1. Over chain A, consider all pairs of different Cα atoms and compute the Kirkwood hydrodynamic radius from their mean reciprocal separation; express it in Å, one decimal.
2. Please average, across the residues of B:204-212, the number of beta carbons from any other chain that are within 10 Å of each residue's own beta carbon, and give a whole number.
3. What does the net charge come to around B:ARG215 if you take all other residues with beta carbon closer than 15 Å to its beta carbon, with K and R at +1 and D and E at -1?
4. How much net charge surrounds B:ILE102 when only the other residues with a Cβ under 11 Å from the Cβ of B:ILE102 are counted, with Lys and Arg +1 and Asp and Glu -1?
5. I need the shape label for the stretch B:215-264. Rule: rounded when a/c is under 1.5, else prolate if a/b > b/c, else oblate, with a, b, c from the alpha carbon gyration tensor.
6. For helix A:147-163, what angle does its Cα long axis make with the longest principal axis of chain A, in degrees from 0 to 90 and rounded to 10?
7. Full extension from B:ASP88 to B:ILE102: what is 0.36 nm times the residue separation minus their Cα-Cα distance, to one decimal in nm?
8. Hey, rough spin-label estimate for B:LYS138 and B:ASP307, points 7 angstrom out along Cα→Cβ, what's it come to in nanometres?
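The values are calculated or read from the model by the stated rules, or taken from the named source; none is laboratory data. Keep in mind that this is a model prediction, so the values were computed, not measured. Every residue, glycine as well, gets a Cβ built from its backbone with ideal geometry; the counts of neighbours run over all protein chains shown. Heads up: the accessible areas ignore ligands, DNA and RNA and are worked out on the full protein's heavy atoms, side chains in. Shrake-Rupley method; radii C 1.70, N 1.55, O 1.52, S 1.80 Å.
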Amino acid sequence: MELFTPELGLVFWMFIAFIILFFVLAKWGWPVIIKNMDKRADTIDKGVEYAREAKAQLDSARADAQKFLDDARKQQADILRDAAKMKSQIIEEAKKEASEEAKKVMDAAKVSIEQSRKEAELQFRDEVSKFSLEIAEKMVRNQLKSDKAQTELVDKLLDEIEKN
Amino acid sequence: MNSKKLSIILAIVAMFFISPFKANASGNDEGGVNVKEIMFHHLGDGYGWEVPFSHTYRIPLPVIVRAEDGKWICFSSSRLTRIEEETDPKTGKVVEEAVPQIVTIEKDGKSYRFLLAGVSSHSNKVVQIFPVETESEKNELRAAADNDSTEGKFGIDKVVDGYVLYDGVYYKEYRPFDFSITKNVLALFIASLIVTLMVMSVVRWYTKNGYKAPRKGTGFMEMLIGFIYTGVIKSTLHDKANKYAPFLLTCFFFILVMNLVGLIVIFPGGANLTGNIAVTLVLAVMVFVVVNVKATKHYWKEIFWPDVPLFLKFPIPIMQFIEIFGIFTKPAALCVRLFANMMGGHMIVITLTLLIFIFTAFGAAATGGSVVISIIFSIFMLALDVLVSFIQAYVFTLLSTLFISMAQEDGHHESKHEKVIHESLPDEDEAIRKDGTAEAPV
């Protein structure tokens, strides 16, 4: 059978064709392709690695920022708390001072009032005694216009003296 | 788009086979189709390359032969045949036919006569012929004819060993060394060129664009290279991958392109390359050489003194015999697997198409039915052959890689490689069995 017996000429040319193809491709073809494919794979690997690192860095930076933010917030809260405390303290102190001042003023006022009251009282007593003496004088003068009244009074006074 | 392509293929397939039928019918009074001749014509080699859709006109190719006296002679294959016009007695149509003729070459004062053998043991090959003139030569011829037990009457179409019949006259024949650039040889060169261009397109991309990823055709090519390189070669040979990658990748792409080019019906394709045992034989021999020349000491030790009980290897070298046999059967299996798969595929398509012409004898209805069925099945088979083309190229490369890796063991990490071998061998057997069943319908 023609199909199953290899033809010498075809074997020869096949050998030549394969050898030439092999040497051409082995010299200028495959090594370049394989090298470049490996290089690209490396580049991609590096890129992925870089991206991963960048992401890690970004994450850590984000964590740092968060930490700073938290600190700031805490500080703010502290400051606010201190401020509130101080405020109430100041108010308290102010109140206290004010009440003391007020008390002082009141006391002073009381004293002066007392003094003026006493003065007024004294004055008033003087006035009252003067008025009463005048009134008494006038009444006595009025009552003792008649002689009879005068006698009667003398009598009465005398009686009293006698009784004592 | 797809159906359009399919219809083109269909038309080509149909048209391609109409012409041989006509040519044959005109020369044959019985009107039947010589199935075997057409099939072998399509599967075999030829000195010219048929112009699409014609069986008469061929692209001339150089015929290079070494004559009996050692002279190298080169002439155009167009001189082997002449075109004759024949009138079909039934239809009255003029049919052109290529008829073989004697080529006479004058060289250094001597004349050499060559003929494309017809009725001869070297059918369809170029032979050098010598006239039978003297009485003693005639006696020799008669004796040879009587010795030959082939049926047929002497003088009419009988193949006589060592003689060729031309125009009713027997000539003594000599089959010269034939290094002609035949159809298959030219197809080999075309396939090599295609592979080179494909690979160089990727190389060009890299030199131009650096590490950027290629797109479209170049990208597909690179994907294929990556598929074979990382998937097959690197994963099997590991650190030795780069040493063998050029050989294995060349094998893969050469086989793939030869397979696919063989499926194209018209000019740059149409040569049944990987379905020719000479081509697969050379490939297998290459693998054999690469495997055994670069083999490690451990590999040879495993062959001549394997780790088996002593009685299996000492007085009678059973294991050695099996192992040495194995060295040759492995590449032989590669050779036959590729050959049988590709030739089988071509044969099925041709047979299916020829069914149409066989069924014409049974009337119009049978012809119509067989046309539809044959074309559907042919297209299916061709599509399957595209798949088989890829699979066979892949399998060839995969098994070659495994054989190389088996010959590269240094015995240190034996267990691991042992596993690889045991896994691979059943697969191979299965592949062979599958091949056998695939051939069955043929």
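1. With all distinct Cα pairs of chain A included, I get 31.1 Å.
2. The per-residue average across the peptide is 3.
3. Local charge sum for B:ARG215: +4.
4. Around B:ILE102, the charge tally is +2.
5. Oblate.
6. 80
7. Extra length from B:ASP88 to B:ILE102 when fully extended: 2.5 nm.
8. Each label point lies 7 Å from its Cα, and together they span 7.7 nm.
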